[in-house]
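The next block holds one structure in the form of structure tokens; read it before the comments.
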Amino acid sequence: MQGDLLSSLLPLVVLFVIFWFLVIRPQQMQAKKHKEMLNALTKGDKIITNGGLVAEVVNAEGDFIKVKLNDDVIVRLDRAFVAKKYEVTATEVKK
């Protein structure tokens, strides 16, 4: 009876371990990296929002950040809507 229970649960445990290392753990690591990036935003950083807008950080304050969309428009943006930090490449600098 004990051996049957162990042999029937072993495949489920193995599947969970595989699922953990292939799906759950990478997502947790990516979420941690994104959170660290959000906390490290400073004035002058360029970001891309979830809507696809490229903006420059003017002031990081609490849950919101003030971003400059162009020379005249400054808006408040919830940190949750920052997709990633925009890195300017060398080819874009030359243009």
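The values are calculated or read from the model by the stated rules, or taken from the named source; none is laboratory data. In this text, all values refer to a predicted model and were calculated from it rather than measured experimentally. Positions of Cβ are backbone-derived with ideal geometry, glycine not excepted, and every protein chain shown enters the neighbour counts. Accessible surface is based on the protein model in full, side chains and every heavy atom, while ligands, DNA and RNA are left aside. Shrake-Rupley method; radii C 1.70, N 1.55, O 1.52, S 1.80 Å.
For the chain, the longest principal axis of the Cα atoms and the long axis of helix 25-39 meet at an angle of about 20 degrees. Close amide H contacts of residue 86 (hydrogens built in the peptide plane, cut-off under 5 Å, sequence separation of 5 or more or a different chain): 46, 47, 48.
To the nearest ten degrees, helix 2-19 and the longest principal axis of the Cα atoms of the chain are 20 degrees apart. Calculated mean residue ellipticity at 222 nm for the chain: -12500 deg cm²/dmol, from DSSP H runs with n ≥ 4 weighted as -39500 (n - 2.57), summed, divided by the residue count and rounded to 500. Sparse packing (at most 13 other Cβ atoms within 10 Å of the Cβ) combined with a DSSP loop state is found for the following trypsin sites (Lys or Arg not before Pro) in the stretch 1-51: 43. What percentage of the solvent-accessible surface of the chain, computed with a 1.4 Å probe over protein heavy atoms, is contributed by carbon and sulfur atoms? Carbon plus sulfur share of accessible area: 61 percent. In units of the compact-protein estimate 2.2 N^0.38 Å, the stretch 29-72 shows a Cα radius of gyration of 1.18. Loop-located GluC sites (Glu not before Pro) across the stretch 16-95 with a Cβ neighbour count of 13 or fewer within 10 Å are 87, with loop assigned by DSSP.
Taking the square roots of five times each eigenvalue of the Cα gyration tensor of the chain, the equivalent ellipsoid has semi-axes of 45, 15, 10 Å, listed largest first. On a per residue basis, the chain carries 80 Å² of accessible surface, using protein heavy atoms and a 1.4 Å probe.
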